[in-house]
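Colleague: Have a look at this one before I ask anything.
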Amino acid sequence: MIRETGTLVRHSLLRFRTPLLVMAVALAAFQVLLGLAAQELQREGTFQQIVNMIPGFVREIFGSLLVSMMSFSGIMALGYYHVAIVAVLVGLVVALATEPAGEIETGFADLVLARAVPRAAVMTRSVLLLVLGAAFVVAAMAAGTFLGLRLAVPAGTARPAASLVWKLAFSLWCELACWGGLSLAIGAAARRRVVAGSIAGSAAAALMLIDYLSRFWKPIRGLARYSPFHYYNPLDLVMNKPLPPGDIAVLLGTAVVAVAVAYALFSRRDV
Amino acid sequence: MATALPLAIATQGLTKRFGRLVAVNALDLAVAPGQVFGFLGLNGAGKTTTIRMLLDLLRPTAGRAAILDHDCQADGLAARALVGFMPGEVGFYRDMTGRQVLDFLSRLPRRVAGRAWQRELLERLTLSDGDLDRRVREYSTGMKRKLAIVQAFQSAAPLLILDEPTEGLDPLMQEAFYQLLADVRTRGTTVFLSSHVLSEVDRVCDRIGVLRAGELVLTAPVEEVRRMAPRLVRVVFRDAAPPPPARWPSTIEVIEAAPTRWSLRVQGSLAPVIEALAGLPVSDMEVHEPRLEDVVINYYRGTA
């Protein structure tokens, strides 16, 4: 199965190389720019001015998170927690994970699976693609962050530790792995890629919203536990909290279970 | 002691239901090795569903299928390693070139027949290097079908499963395809071909199976099927002929009895006609061989 999987992975990497490269370069560049922007804000003392301008009730809701955000490290880490960037990254893994549904829809799967290719090879291809694709983009972000830190010297404050960047990158990768696994399970059962992508994308948007609202709306805090975003808190890392093993376990555990479900669904379904 | 060769395709009670719809019902099929088997039926009769179960793309609701003694589900990889498949609707990625498609598919496991054979296929189907370097999105329907034929034939698979292979091919390419079929057949390859084109089946197949509403209603050698249809016999006389005998055998039907011409529909042997014509002033006689479609269409209609 290794040879077939290798052929499929190579084929898929070639197909996705452009979006992966574009996203990696764009996010790396964004991180470099963030470093330069953070340096400028730090130099002009703008962080404290911004915090002072924020209404009291907002400061009360966000508490120390706001202080974390309005710091050199907080700005440097913006790419790891900004809604738009996280949404784009989740969109990328949804696109990667729904490739099997797309291949069934177009009939390409017929050409592949009519040969002596085990169905598990198709799933393994997608899992490897998700792991490698997400790791590549996140690694590019980390590289951009390191480059930004190298180019931008924060005045009057210590340079964020390299371990912070690795922790941010790893926790983001775990979040993406979780969404990749869930999307793969959805895609393994779907006949049309657009359907699988819509379900996974809508679920991500809804759960992101629930997690966001739950931070200042107590009634839905219980619901937020079901959102993978609940277990991804990069600003806690910026505040020098350790990487929470429980959250990482939930994210990776969900990913593993979802991938197992995807294998089972794909092995039993009609193509 | 000679050992019997395994059947190229064998199904027993093969059934597929989609909810309430019974797409294929208790199909018992046997295709001997080396045959060109025509699998016929109207749209929705269950031909493609059967093919997809043979390739384990669809899972049967009941029954079993085997390819060269390998169970299509339990031993699907071994079964599919022996098959070259051309789908009815070809799903190539549009942004790949023809060459990339062939290279990619040739890297997936199957017996590789070599570049020389692939080159020969491309030449016979007039796919040039220039064509192969173009993206599939620029291909016409016929070119996509030719590429699909090459990918199915390029391995030395002992069984070819072809789902409506000539759909969209121009007459010249159809001819090239028939020649290709004849060539692989001489090498002992079994061909399982689904088609709507009865004249094509009549020409290339040894045996046919007719599927109606998911059930196999006829399976027989093409020659035998042809003999099921009556022949049209036209007899022309030099002078005025006597009326046809009043008591023909039941296998003969008089369609027309003009003074100098008889038109008869004859089922089976022509001997009674020849006997009746002895001593009559016959100037000409035409015998129209029955066509496969004369019989098959009745099976389609359910009137056979």
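Colleague: Could you check how many residues of the range B:29-49 are surrounded by fewer than 19 Cβ atoms within 10 Å (Cβ to Cβ) and touching a Leu at 6+ places or on another chain (Cβ under 7 Å)?
Modeller: Of the residues in that region, 3 qualify.
Colleague: For the range B:223-245, how many residues meet the condition of being closer than 18 Å to B:Ile274 by Cα, surrounded by 17 or more Cβ atoms within 10 Å (Cβ to Cβ) and among the β-branched types (Val, Ile, Thr)?
Modeller: Total meeting the criteria: 2.
Colleague: Assess whether B:Ala113 counts as being surrounded by 15 or more Cβ atoms within 10 Å (Cβ to Cβ), touching a Ser or Thr at 6+ places or on another chain (Cβ under 8 Å) and at pLDDT below 95.
Modeller: It is true that B:Ala113 is surrounded by 15 or more Cβ atoms within 10 Å (Cβ to Cβ), touching a Ser or Thr at 6+ places or on another chain (Cβ under 8 Å) and at pLDDT below 95.
Colleague: Return a yes/no flag: does the range B:132-139 have any residue that is within 12 Å of chain A (Cβ to nearest Cβ) and either surrounded by fewer than 16 Cβ atoms within 10 Å (Cβ to Cβ) or hydrophobic (A, V, I, L, M, F, W, C) (or both).
Modeller: yes
Colleague: Look at B:Pro87 and say whether it is out of contact with any Lys or Arg (no Cβ under 8 Å at 6 or more places or on another chain), open to solvent by less than 40 Å² (accessible area, probe 1.4 Å) and not charged (D, E, K, R). Steps first, please.
Modeller: Values: out of contact with any Lys or Arg (no Cβ under 8 Å at 6 or more places or on another chain): yes; open to solvent by less than 40 Å² (accessible area, probe 1.4 Å): yes; not charged (D, E, K, R): yes.
Yes.
Table: residues versus (1) facing chain A (nearest Cβ under 9 Å); (2) in contact with a strand residue (DSSP E or B) (Cβ under 6 Å, 6 or more places away or on another chain); (3) outside any helix (DSSP H, G or I); (4) among the β-branched types (Val, Ile, Thr).
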| position | (1), (2), (3), (4) |
| --- | --- |
| B:Phe85 | yes, yes, yes, no |
| B:Glu89 | yes, no, yes, no |
| B:Phe92 | yes, no, yes, no |
| B:Val101 | yes, no, no, yes |
| B:Gln118 | no, no, no, no |
| B:Leu122 | no, no, no, no |
| B:Thr126 | no, no, yes, yes |
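Colleague: Continuing with this model, one more query. Can you confirm whether the range A:142-161 contains a residue that is over 25 Å from the mean Cα position of the chain (by Cα), β-branched (Val, Ile, Thr) and within 14 Å of another protein chain (Cβ to nearest Cβ)?
Modeller: There is no residue in the range A:142-161 that is over 25 Å from the mean Cα position of the chain (by Cα), β-branched (Val, Ile, Thr) and within 14 Å of another protein chain (Cβ to nearest Cβ).
Colleague: Which helices (runs of 4 or more DSSP H) does the range A:85-152 wholly contain that include 2 or more residues that are buried (at least 23 other Cβ atoms within 10 Å of the Cβ) and β-branched (Val, Ile, Thr)?
Modeller: Counting at least 2 such residues, we get A:119-151.
Colleague: Right, next: What tally of residues in the range B:169-180 results from selecting those that are part of a helix (DSSP H, G or I) and either touching a strand residue (DSSP E or B) at 6+ places or on another chain (Cβ under 6 Å) or open to solvent by 50 Å² or more (accessible area, probe 1.4 Å) (or both)?
Modeller: Of the residues in the range B:169-180, 5 are part of a helix (DSSP H, G or I) and either touching a strand residue (DSSP E or B) at 6+ places or on another chain (Cβ under 6 Å) or open to solvent by 50 Å² or more (accessible area, probe 1.4 Å) (or both).
Colleague: Name every residue in the range B:55-66 that is surrounded by fewer than 22 Cβ atoms within 10 Å (Cβ to Cβ) and either more than 10 Å from chain A (Cβ to nearest Cβ) or polar (S, T, N, Q) (or both), in order of residue number.
Modeller: Once the filter is applied, which keeps residues that are surrounded by fewer than 22 Cβ atoms within 10 Å (Cβ to Cβ) and either more than 10 Å from chain A (Cβ to nearest Cβ) or polar (S, T, N, Q) (or both), the range B:55-66 yields B:Thr61, B:Ala62, B:Gly63, B:Arg64, B:Ala66.
Colleague: In addition: Quick check, is B:Ile161 at pLDDT 95 or above, within 10 Å of chain A (Cβ to nearest Cβ), within 24 Å of the chain's Cα centre (by Cα) and part of a strand (DSSP E or B)?
Modeller: Against the criterion (at pLDDT 95 or above, within 10 Å of chain A (Cβ to nearest Cβ), within 24 Å of the chain's Cα centre (by Cα) and part of a strand (DSSP E or B)), B:Ile161 qualifies.
Colleague: If you go through the range A:83-123 one residue at a time, how many are closer than 30 Å to A:Ile210 by Cβ and aliphatic (A, V, I, L, M)?
Modeller: 16
Colleague: A further question on this structure: May I ask you to verify whether B:Arg52 is out of contact with any Phe, Trp or Tyr (no Cβ under 8 Å at 6 or more places or on another chain) and either more than 9 Å from chain A (Cβ to nearest Cβ) or surrounded by fewer than 19 Cβ atoms within 10 Å (Cβ to Cβ) (or both)?
Modeller: no
Colleague: What do you reckon, is A:Ala190 small (Gly, Ala, Ser), open to solvent by less than 60 Å² (accessible area, probe 1.4 Å) and more than 18 Å from A:Glu99 (Cα to Cα)?
Modeller: So A:Ala190 fails the test.
Colleague: Give the residues of the range A:165-187 that are under 30 Å from A:Thr145 (Cα atoms) and open to solvent by 20 Å² or more (accessible area, probe 1.4 Å), sorted by residue number.
Modeller: The answer is A:Trp166, A:Lys167, A:Phe170, A:Trp173, A:Ala177, A:Leu182.
Colleague: Go through the range A:251-271 and give me each residue that's farther than 30 Å from A:Ala114 by Cβ and either open to solvent by 60 Å² or more (accessible area, probe 1.4 Å) or within 14 Å of chain B (Cβ to nearest Cβ) (or both). Quick ask: steps written out before the conclusion?
Modeller: Start the filter on the range A:251-271 by keeping residues that are farther than 30 Å from A:Ala114 by Cβ, which leaves A:251-257.
Across the range A:251-271, the qualifying residues are A:Val256, A:Val257.
The values are calculated or read from the model by the stated rules, or taken from the named source; none is laboratory data. All values reported here derive from a predicted model rather than from experimental measurement. Every residue, glycine as well, gets a Cβ built from its backbone with ideal geometry; the counts of neighbours run over all protein chains shown. Keep in mind that these areas ignore ligands, DNA and RNA; they rest on the heavy atoms of the full protein, side chains included. Shrake-Rupley method; radii C 1.70, N 1.55, O 1.52, S 1.80 Å.
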